[in-house]
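Worksheet for the structure shown next.
The values are calculated or read from the model by the stated rules, or taken from the named source; none is laboratory data. Remember, it's a predicted structure, so these values are computed and weren't measured experimentally. Every residue, glycine among them, receives a Cβ derived from its backbone with ideal geometry; neighbour counts consider all protein chains shown. Heavy atoms of the whole protein, side chains included, go into the accessibility calculation; ligands, DNA and RNA do not. Shrake-Rupley method; radii C 1.70, N 1.55, O 1.52, S 1.80 Å.
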Amino acid sequence: MRFLFNQHKEPIDLAEVNPNMTVLQWLRRNKHTGTKEGCAAGDCGACTAVIGELATIKGKKVIEYKSINTCISLVLNLNGKHLITVEGISEGNRLHPVQSAMVRANGSQCGFCTPGFVMSLFALYHNENEIDLDKINEALSGNLCRCTGYQPIIDAAFLIFETKDSDNNDYFSNNKSQLVQSLVRINEDEPEQFSYTSNDKKVTYDAPTDVNVLAKTLYKYQDAKIVSGCTDLGLEITQQLQQFGHIINVQNVHEMKSIHENDSLIEIGAAVSYHSAWTLLVRSFPELEPLLKRFASRPIRNWATIGGNIANASPIGDMPPALIALNATLKLRRGDNVREVRLQDFFISYKKTVLLKGEFIKSITIPKLVKGESFTVHKISRRYEDDISAVCMAIKLVNDGPNLKEAVIALGGMAEIPKRATMLEKTVTKYWNKRDIAKRSYESLKEDFCPLDDVRASSEYRLQVSANLIKKTLLNRINKKVPNLAEPIEN
Amino acid sequence: MTKTDKEWGTDSNRVVGQAMAHDSSILHVKGSAPYIDDIVEPKGTMHVAFALSDVAHGNIKSIEIKESLKMDCVHSVLLAEDIKNLNIGAIRHDEPLLAKDEVLFHGQAVAAVLADSHENARKAASLIRVNIEELEPLITIPQAKLKESFLDEPIKMTKGDAEGAISKSVHKITGKLSIGGQEHYYLESQAALAIPTEGDELVLHSSTQNPSEVQHLVAHVLDLPQHSIEVVTRRMGGAFGGKECGASQIACICAIFAQKTKLPIKSRLPRREDMLMTGKRHDFEVEYKAGFDDEGCIEGIEMELYARCGYSYDLSVAIVSRALFHADNAYYLPNASLVGHLCKTNTASNTAFRGFGGPQGMLAIENIIEEIALHLNLDAYDVRKSNFYQKEANNETPYGQLIEDNIINELAHELATSARYKERRLDIDEFNKNNTYIKKGLALSPVKFGISFTKKFLNQAGALVHVYKDGSIYLNHGGTEMGQGLFVKVAQVVANEFGVELGKVKVSATSTAKVPNTSATAASSGSDLNGMAAKDACNRIKNNLISFAVKQFNIKQEDVKFYDSQVHLGANQMPFDEFIGLAYINRVELFSNGYYSTPKIHYDSNKRRGRPFYYYSYGACISEVVVDTLTGEYKLTSVDILHDVGASLNPAIDYGQIVGGFVQGMGWLCSEELVWDDSGKLLTTGASTYKLPSIGDTPKHFNVKIKPNNSNHEETIYKSKAVGEPPLMLAISVWLAIKNAISSVKDGKPNDLVAPASFERVFFCINNLNK
């Protein structure tokens, strides 16, 4: 198990490490205390570091820099990657450009969130050549600051790019080719298994690259925990204090990382991250972009996978309602058997799915919209960025000429699983374009759902706002534009 | 964009008044500024975690610790019965370090576990079972009112005859407003590291705004004289009032274990535990009655403010008092009856939070002004202008202080003109006429905030300044650094006094061993008090140096001047360093303490009359929002601020306080909502459910200006003004703008918006109007 660390010439070689250990724990135990713990739940970003990962663009090997919440990432998932923390970006007294911009713009006050912001800005700096407010907000959506009100940090971000061409003179820009070579070298013979024994308890960690090996291993060890981005499993370790005996990381399974597209569908491997799938998803379904922007935060999107999001079976999940409305199907594999299940049939009850022991999601297939079909997604939450939905509603309308033929509507946050609203669909189909559509929708929603009162919203708000979202969809269809306020608006 | 010195409007050669970076900014961006949990642990350090009550009220039947003790990594478990002096507290000792016999809120610590690592201590704590016989809890303000559960007698402030005036008024309104609390969510949770030194002595590193109080409480708990305990605080990862009292419990528990084991003991609270165990900003319910004339001029006002204090006193009396002190905000109230009630509930003990009750009092009156405007169909800014305090007459507060430094009229006017308030109001009216579903709202709100601790004795501070032989200067004072930039400001004062570059001055960790009996760094007073104390210390050293120079060079006192890193000696000059070296050889004392106590203030808390505040800070803010009436969602699109900091010590730091304070206030009034269930369990225990503003909530148009060419008319440090708390209340304009937009749904009908204005609340408020 090897990874590059900051500006160390030699890779770190970890022989003895508990597979349940998070990157943040490893860093802080080894006196790299620049990276902070603010929440240990991937919500505040004080622990943000950056992972450099090999990617191939136009046949050329390059390094992609991705921010990561180290508090909920496993240290073994660093295998073959470059871990970069706030202590590792300056050279002696010479600050990295993002650091000097933060100083110049007075971007720090108490300083506790600062290392996280610096690292999110570092990723932005090394991935982008031009910048606008939207990109800054997107890159920093996973970092909370309680002191500055963010404006000085936004100022710093602009400042970085003002000077980017002239002083592109930092360790990572200057050593690009060596870093690529080092990463290639440590990826040469990827170890696929790792075991660790502590207090007579053996912990096994598998990181297969072949889907057949994965299928076999999981079939044999049916209680093993599958992990990829670790953005949810990590919480079980840091919040519920769980320790897993057998972890199978699917992040390196080639077949689950691939994306196929043809005229009628896209098929996305279950281990593809939201960030990687973004471009393709948005090209086919532009209406998904506002939702993707609000799906958790940038560091979560960098690592969270679509398969993990679905298998997790959260009642909300954000993407499942959209995928249900689009009639997505899953390929499930158990041993040598592969079966297909419609996503709408996948969820059974709270956190329960049709997945059998030893079975895993291999890929998700989404049919493209055809002529006459249109698609809309709405998300209601307390805060626009990085928040769990109170309601997430996805609507696919099928028109026959000017007339509405069918409505497929799925909601998250309304029941113990994301699901279709069958009564609502009928009502919408029948009474579309009627003045009292909201009122009728409300009555149907009450038949479809009996939502909870919880910290995010009351039951009544969930019902009424969902009804109004139907009306809002209609208004937008008939060109009485009611903008989505989560999106940038012109004054 | 970042501002150059020119844009800050500072071009003098003085170090004071310059936009200097935070003293730790380079360490911050390199991740090398250590917080408590980053300090290299002494060998053998052990870690503490807490087991908490999972009910809000009940009798403890038993505490099962066996499972926890079975773990090899566990050293011991501490229970209330093991602690001799169990109770601590800021004003009264009414808070047990660990619950004894009864639990009084959900999240109260019942046991503390000592183990070999943070993780193991947490695991062991999770194995402790507390059997509690549940009793009925009092959670909400209405419940406390119904059961008459109060900590103390109501606090009453009266002026004239409010009831009589209201009955004679042509127009009257009555109403209620509920105002939510706020979690501090300092990014660094509560933390302490206790290191035994020799004998019974301890050095404690504590993330506290109040090192002296931690020292005194630890000494009390350990039954030691205060001189046995040294508390050191280099920096906090945010505090906002939450570490004024909130840091004591964890420090005391670490100290107890350290004394018992003679080992270094550390503890830091996991976020969930921090949110459960520690108090928050007080939530309030306000009942009001107001009488006013056709112009909206208030003739009489009655306000009853009910504050949820939680299970113990903490600082609630002072906080509710400050709410009353600010229930006038910037408005002259000829007849007022203001009453504050201290509701005692089974919730964590609410505590100091930036503004300290002021924001709640201010929101109460601003809501009334807005309601008056809606009632009379007037523009709310016009109503505000009609009620503003004046300079010569109509300038006495309900507590009898004459306002001598009023600038609110011209400040608001300057802002309204530069931000085109009137024109935008017309545009918005037009927009709202033409749009059914999307509505816009606009509001201008003023801030007048009283500066000084309202407890007179707290208004004192000390400093210690050393000048070393090489001319470098070491600065220590009683204030703590929580991110607000106090250290750099005071260092600027010292550099300025000696006429040297800022880099010559080293700021050092706050320590109870260097300056004793300090007040909390709170009430926005940090630079006012400590800046003056440091200046005094510099002056004493300078006096020594001047006397020496007069003798040595045979010149007059007034010929000795310190600037440009030189000591000017009549027609000659000498580099500062060289001069200091010379002074040393000639046996001149090169170090001194300094002391300051705020003049002019006095307050009779029985009569509720006096001059509690040395001066006032002013500001005003215009906010514009757009609301989606179908969903209740809204967005803050534009903010213009003009704020008074007197003659700024450091415009970059002050700007940061204004912007940051505003956004924090916006969080309080918009997305941040604390939720308890009916049994009193706090449900919002993490950032996934408790939503602080995130980066996209920062308004796109965010124009913040420090009022130029302005100086404090009192003799404060370089004529500057305090800036820590006042800007938070500028955000009231956001809430008012939302309220304004909601009313436009129904031709300006009053509405019952409460705080925080969550999307859901806005939605139902609109629904109620449409009914």
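Here is how the numbers come out for the structure above:
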read-out: Point-charge dipole on Cβ atoms (K/R +1, D/E -1) for the protein assembly as shown, about Cα centre, debye to 20; value: 1480
read-out: For residue B:482, distant residues with modelled amide H under 5 Å away; value: B:236
read-out: The protein assembly as shown, helix-only ellipticity at 222 nm - DSSP H runs n ≥ 4, -39,500 (n - 2.57), divided by all residues, nearest 500; value: -9000 deg cm²/dmol
read-out: Of all DSSP beta bridges in the protein assembly as shown, antiparallel share, percent nearest 5; value: 85
read-out: Distance (nanometres) between label positions extended 7 Å along Cα→Cβ at residue A:165 and residue B:152; value: 6.5
read-out: Value of relative contact order over chain B, rounded to a whole percent, pairs C-alpha under 8 Å and six or more apart; value: 15
read-out: Principal axis dimensions, largest first and in whole angstrom, of region A:97-169 by Cα; value: 32, 22, 17
read-out: Test item: A:454-460 mean partner chain Cβ contacts at 10 Å; value: 5
read-out: Percentage of interatomic Cα-Cα distances in the protein assembly as shown larger than 62 Å; value: 10
read-out: Under Karplus coefficients 6.51, -1.76 and 1.60, residue-wise ³J(HN,Hα) of region B:530-546 in Hz, glycine/proline x; value: 6, x, 5, 5, 5, 4, 4, 4, 4, 4, 5, 5, 4, 4, 4, 5, 5
read-out: FRET efficiency, residue B:607 to residue B:61 (Cβ-Cβ, R0 41 Å, nearest 0.05); value: 0.25
read-out: Cα-based Kirkwood hydrodynamic radius, region A:2-66, one decimal, Å; value: 13.9
read-out: Semi-axes of the equivalent ellipsoid for region A:269-346, Cα gyration tensor, largest first, Å; value: 21, 14, 12
read-out: Segment residue A:10-residue A:340, extension gain: residue separation times 0.36 nm, minus the distance between their alpha carbons; value: 114.2 nm
read-out: Label point distance in nm, residue B:587-residue B:43, each placed 7 Å from Cα along Cα→Cβ; value: 4.6
read-out: Along principal axes, Cα extents of region B:460-597, largest first, whole Å; value: 46, 24, 23
read-out: Per residue Cα convex hull volume in Å³ - calculated over region B:247-337; value: 138
read-out: Order of exposure, largest accessible area first, which applies to B:746, B:448 with probe 1.4 Å; value: B:746, B:448
read-out: Estimated vicinal HN-Hα couplings, Hz - region B:562-574 in sequence order (Karplus 6.51, -1.76, 1.60; Gly, Pro = x); value: 10, 7, 6, 6, 10, 9, 8, 10, x, 7, 9, 8, 9
read-out: Pairs of Cα atoms farther than 21 Å apart, region A:373-477, %; value: 28
read-out: Mean Cβ neighbour count within 10 Å, used as a protection proxy, ranking B:753-761, B:539-547 highest first; value: B:753-761, B:539-547
read-out: Partner chain coverage, peptide A:76-88 - average Cβ within 10 angstrom; value: 1
read-out: Distant-in-sequence amide H partners of residue B:609 (H built 1.01 Å from N, under 5 Å); value: B:604
read-out: Computed P(r) (all Cα pairs; chain B; 10 Å bins; percent); value: 3, 14, 23, 24, 19, 12, 5, 1, 0
read-out: Longest to shortest principal axis, alpha-carbon extents of region B:1-152, angstrom; value: 69, 51, 31
read-out: Heavy atoms of residue B:550 accessible to a 1.4 Å probe, total area in Å² rounded to 10; value: 40
read-out: Residue A:154 - accessible surface, heavy atoms, 1.4 Å probe, Å² rounded to 10; value: 10
read-out: Positive minus negative residues near residue A:439 (Lys, Arg vs Asp, Glu; Cβ under 13 Å); value: +3
read-out: Test item: Cα-centred dipole of chain B, Lys/Arg +1 and Asp/Glu -1 on Cβ, debye; value: 800
read-out: Contact surface A-B: accessible area buried, both sides summed, square angstrom, 1.4 angstrom probe; value: 7000
read-out: Label-to-label distance, nm, for residues given as residue A:327 and residue A:220 (7 Å Cα→Cβ offset); value: 4.1
read-out: Sequence of A:256, B:574 when ordered by accessible area, the most exposed leading, probe 1.4 angstrom; value: B:574, A:256
read-out: Under-5 Å amide H pairs with residue A:265, H placed in peptide plane, nonlocal only; value: A:368
read-out: Rounded percent of accessible protein surface that carbon and sulfur make up, the protein assembly as shown, 1.4 Å probe; value: 47
read-out: Mean separation of Cα contacts under 8 Å (6+ apart) over length of region B:384-534, as relative contact order %; value: 21
read-out: Accessible-area ranking of B:609, A:383, largest first, probe 1.4 Å; value: B:609, A:383
read-out: Accessible surface, per residue, of chain B when the full set of protein chains is kept, probe 1.4 Å, Å²; value: 35
read-out: Cα point-scatterer Debye curve for chain A, base-10 log of I(q)/I(0) at q = 0.06, 0.10, 0.12 Å⁻¹; value: -0.29, -0.80, -1.13
read-out: For region B:350-392: Kirkwood Rh in Å [reciprocal of mean 1/r, alpha carbons]; value: 11.9
read-out: Other protein chain Cβ atoms within 10 Å, averaged over every residue that makes up A:115-122; value: 2
read-out: Backbone HN-Hα couplings from phi across region B:283-299 [Karplus 6.51/-1.76/1.60, Hz, Gly and Pro as x]; value: 7, 10, 10, 10, 10, 9, 9, 9, x, 8, 8, 5, 7, x, 5, 6, 9
read-out: Solvent exposure of chain A as accessible area per residue, Å², 1.4 Å probe; value: 39
